[in-house]
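The values are calculated or read from the model by the stated rules, or taken from the named source; none is laboratory data. Remember, it's a predicted structure, so these values are computed and weren't measured experimentally. Glycine gets a Cβ as well: all are built from the backbone with ideal geometry, and neighbour counts include every protein chain shown. These accessible areas exclude ligands, DNA and RNA; they are computed on the full protein's heavy atoms, side chains included. Shrake-Rupley method; radii C 1.70, N 1.55, O 1.52, S 1.80 Å.
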Amino acid sequence: MSPTKDHHSYKESRRDRPPKPKPANPIEEAVKTWLSRLPTDLHENLKLDVSRLIQLTPKRWVVYPPMVLLPPGSFGEEWRAILRSEISTEIMGELWR
């Protein structure tokens, strides 16, 4: 049994299609949003490198409702300056929602 003409055209059309975009990492998106809402003076005082912090966000996680477990060391040394800073509990709480 030989492949039909329709089969060949289907394979060719799949090859010509651009790849599907990867879905956004929800943790990365939440971190981007949170960092963009931090006061500018905090960015300056802590000398935040936002692009570096985004690169360091966890790429893997496990959901155990209502929690999300992140791998050990997910937020490295660069994050410690932020977490130790005098950010209000309200602003800090927004990161964990």
Search the stretch 65-85 for residues being open to solvent by 100 Å² or more (accessible area, probe 1.4 Å) and in a loop (DSSP other than H, G, I, E, B), and hand back the single one that is farthest from P26 (Cα to Cα). P72
If the Cβ limit is 9 Å and pairs must be 6+ apart or interchain, which residue in the stretch 59-86 that is polar (S, T, N, Q) pairs with which residue that is open to solvent by 80 Å² or more (accessible area, probe 1.4 Å)? S74/R60; S74/W61; S85/N45
Would you be able to say whether some residue in the stretch 89-96 is touching a residue at least 24 places away in the same chain (Cβ under 8 Å) and in a loop (DSSP other than H, G, I, E, B)? no
Residue hits (the stretch 54-97; farther than 19 Å from T33 by Cβ and touching a helix residue (DSSP H, G or I) at 6+ places or on another chain (Cβ under 6 Å)) are A81
Can you name the number of the only condition in (1) open to solvent by 100 Å² or more (accessible area, probe 1.4 Å); (2) more than 12 Å from the chain's Cα centre (by Cα) that R60 fails? (2)
Pick from the stretch 12-39 the residues that are among the polar types (S, T, N, Q) and modelled with pLDDT of 85 or more: which of them is least open to solvent (accessible area, probe 1.4 Å)? N25
